[in-house]
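What follows is a set of notes on a single structure, which appears directly below.
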Amino acid sequence: MKCVATSASSIRPFFHCPPVSDFLLTERSSNAEASLPDTRQIIENEIAELVDFLHLVDTLPIEYRADFYKALGRLVDGFERRRSIFHYVQETLSQMSLDLKYILFDLEATRRERDNYRRQLDERF
């Protein structure tokens, strides 16, 4: 789901981006949601900045536009990279959180087993 620059009949390329809802990341837990900024708002702000930049480039003389359109393409690629890295980090943190829950459950079960064995040992002697 990348923004793709396609050549149009004019000098200005057309950037096709999927809807903002496609950029949203997976659901977060209530604890994580309280500590992380709103993903939708961050993405919408970045897209709005890219669109503003595109409108600004449209006001330049035609001989300078091609270079700025290339720069805009690099900005869109950078946005996509940051978004995918952010998504990867969020997935990794979610997996680590789940792993930690399993480890804590296992630790608690191990402690209960240890306490039971100690009681059994104390009862024998």
Inset, instruction - Kindly indicate the residue of the stretch 80-125 that is aromatic (Phe, Trp, Tyr) and assigned to a helix (DSSP H, G or I) and also surrounded by the most Cβ atoms within 10 Å (Cβ to Cβ) among those meeting that condition. - result: 86
Legend entry - Hits in the stretch 70-119 - residues which are of a type in the set (Asp, Glu) and either farther than 30 Å from residue 42 by Cβ or modelled with pLDDT of 95 or more (or both): 99, 106, 108, 113, 115
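The values are calculated or read from the model by the stated rules, or taken from the named source; none is laboratory data. Note that the coordinates shown come from a computational prediction; the quantities given were computed from them, not determined experimentally. We place every Cβ from the backbone using ideal geometry, glycine too, and count neighbours over all the protein chains shown.
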